[in-house]
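Have a look at the structure below before the remarks.
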Amino acid sequence: MSEPYGPSDGQPPEPVRPPGRTRGTRAQQPRWAWWVIGIVIPVLGIAVTVLVARPGPADGKGGGSASSAPAAQPTGEAPGSPGYGPRTVEVDTSGGDASVEFDTAVPLAGSGTVEGADLVVNASTGAAPTLSVPDSARTLAPHHGSPTAPTAEECAASVERHGTRTATSKSGGRYCLTTDQGRTVHLRFLTADPSGVSQVEVTVW
């Protein structure tokens, strides 16, 4: 008589497995899926990087914001600008000669011949006062040329070309001077009183 479940040799029957799979193997992913993953991920990474690095619109619309460094503010004086003046300084020769020092923050005018002064205004009887430079330095020059005030460079050039020890002042006359500390001075005599108060417009660079 045959066995109802097949021959019996003392071993249990093998379990039934789903079709398409065998023991010891795993389901394989399609190769095209790996190609897609390998291409899409780098492309997405590049796109994100570009979007993050792109600046926003200059006008601030669309959620972006534009920032710019503030304009540099000027500091100090512009190159070539005067350190003093032009301002009017009174030189009084009513008591005799007067001296003027220009290497100070504000020009100092006093009576007599002061040591270290840059210019001496000599009192006169009847004529316009004369101008002289201490120690007979050739650092004074009448400025002939344009009726307008000269620049520092033009004044220094006048002294370089026409420097002298003395000059005669006159109303409306312009003079250039180099101080003993190397500063350039422009003088315009508004009045030239022989023995009184002279009004002098002074510019110091």
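The values are calculated or read from the model by the stated rules, or taken from the named source; none is laboratory data. Predicted, not measured: the structure shown is a model, and the values here were computed from it. Cβ atoms come from the backbone with ideal geometry, glycine included; neighbour counts cover every protein chain shown. Surface areas here come from the heavy atoms of the whole protein model, side chains and all, with no ligands, DNA or RNA. Shrake-Rupley method; radii C 1.70, N 1.55, O 1.52, S 1.80 Å.
Below, the figures for the structure above:
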read-out: Potential lengthening between GLN199 and SER146 on full extension [0.36 nm per residue; Cα-Cα distance subtracted]; value: 17.0 nm
read-out: Amide proton proximity set for ASP118, modelled H, under 5 Å, gap of 5+; value: VAL100, GLU101, PHE102
read-out: Accessible surface, per residue, of segment 103-154 when the full set of protein chains is kept, probe 1.4 Å, Å²; value: 55
read-out: Within-14-Å neighbourhood charge of ARG138 [Cβ basis; K, R +1; D, E -1]; value: -2
read-out: Surrounding net charge for GLY196, when Lys and Arg each add one and Asp and Glu each subtract one, Cβ distance under 11 Å; value: -3
read-out: Alpha-carbon centroid distance for the pair segment 98-131 / segment 152-179, whole angstrom; value: 15
read-out: Per-residue HN-Hα couplings for segment 128-144 [Karplus 6.51, -1.76, 1.60; θ = phi - 60°; Hz; x = Gly/Pro]; value: 5, x, 9, 10, 9, 10, x, 6, 6, 6, 8, 10, 10, 8, x, 9, 9
